[in-house]
1. Among the numbered criteria (1) in the same structural domain as Arg127 (by TED's automatic domain parsing); (2) free of Cβ contacts under 8 Å to residues at least 24 places away in the same chain, which single criterion is violated by Gln115?
2. Listed residues Ser24, Ser78; which is buried (at least 19 other Cβ atoms within 10 Å of the Cβ) and closer than 30 Å to Gly196 by Cα?
3. Are any residues in the stretch 27-58 of a type in the set (D, E, K, R) and buried (at least 16 other Cβ atoms within 10 Å of the Cβ), and if so, which ones?
4. Only one of Arg61, Arg72 is free of Cβ contacts under 8 Å to residues at least 60 places away in the same chain, in a helix (DSSP H, G or I), exposed (fewer than 12 other Cβ atoms within 10 Å of the Cβ) and assigned by TED's automatic domain parsing to the domain that holds Ser11. Can you tell me which?
5. Would you pick out the residues in the stretch 81-123 that are in contact with a Gly (Cβ under 8 Å, 6 or more places away or on another chain), surrounded by fewer than 17 Cβ atoms within 10 Å (Cβ to Cβ) and farther than 25 Å from Thr142 by Cβ?
Amino acid sequence: MAETAKREKSSWRLTWISLGLGLSFWLLDSTDLSLPGTISDLLFPPFVFFFALVIRIRYRRRLTDREWRISRAAHLPSLLGGGLFCLLGALLLIPPFTLGGIFNAYEIISEKCVQRVVSPDRSRIARVYFRARGSYAGGQGTVHLRVQTRLFPLLERDLYESVVFESDATTKEWIVWQGNDWIYLEEDKESISAGGIRFHLPEVIDYHVRAFTGLLSILKKPVPK
C-alpha cells in the first residue's frame, strides 16, 4: 500500500512537471523570450513532447477515469506544442521542404557571435550572431540580436533580425547601448527597447500555416505538358 501511494505521488509530481514544461514552451514560443543558444531552442520542444508522452503511457493504468482526465488535460500543452514542433521537423524531411531544411541546418551550424556588448549598469549582455547562408545566397546571411539578463541566465530575448552580406557582418559594429534599456542599431539607424517582453503569434503555428499555404501554392501550379 505504501509503495502504491509513493508511485501515485511520483506520477502526479511528474505530471505537474510536464504541465510546467508545456506552459513554458508556449510562453517561449509566443514571446521574444528563448533559451540560451539556438541548439537548446531546437532540443527543448522534442524533450517536452516525449517527456509528456512517456509519463502519460507509463502511468495510464494506475489512474482512475477522473484522474486520467485531469492528467490528460495537464499533459495537453506539452503534447500539443511539442507535437506540432516535431511534426514541423518531420515536414522538413519531406519534399518539397527538404532543401529548406538542409539550408536551415547549415545556417544553425554556421552561427557565430560577431559582437558582445555589456550594458552600462552591467545587468544585461547583448550579443550579435551571424548565420551564413552559403554560396547559394550570394554570400548573404542573417544577423540576430539577443539580450541576456544576468539575473536570469537561462533566458534571453530575441530582439532583432536582418539579412546582410557576410563581409559586413564580420567587420562592422552593429549595436551600441543607449542607457540600460535601449540599444541603437547601426544598420537601421534606430533604437529598440530591451525592456518589456513582446508577444506574438506562436511560431510553431505560424510556421505550420506558412508551410500549408506554401504547399497549396505548389499544388495549384499547372503541371507542364
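1. Of (1) in the same structural domain as Arg127 (by TED's automatic domain parsing); (2) free of Cβ contacts under 8 Å to residues at least 24 places away in the same chain, only one is false for Gln115: (2).
2. Ser78
3. Within the stretch 27-58, Asp29, Asp32, Asp41, Arg56 meet the criteria.
4. The match here is Arg61.
5. Pro120
The values are calculated or read from the model by the stated rules, or taken from the named source; none is laboratory data. Computed from a predicted model, the values in this text were never measured in an experiment. Ideal geometry is used to build each Cβ from the backbone, glycine not excepted, and the neighbour counts take in all protein chains shown.
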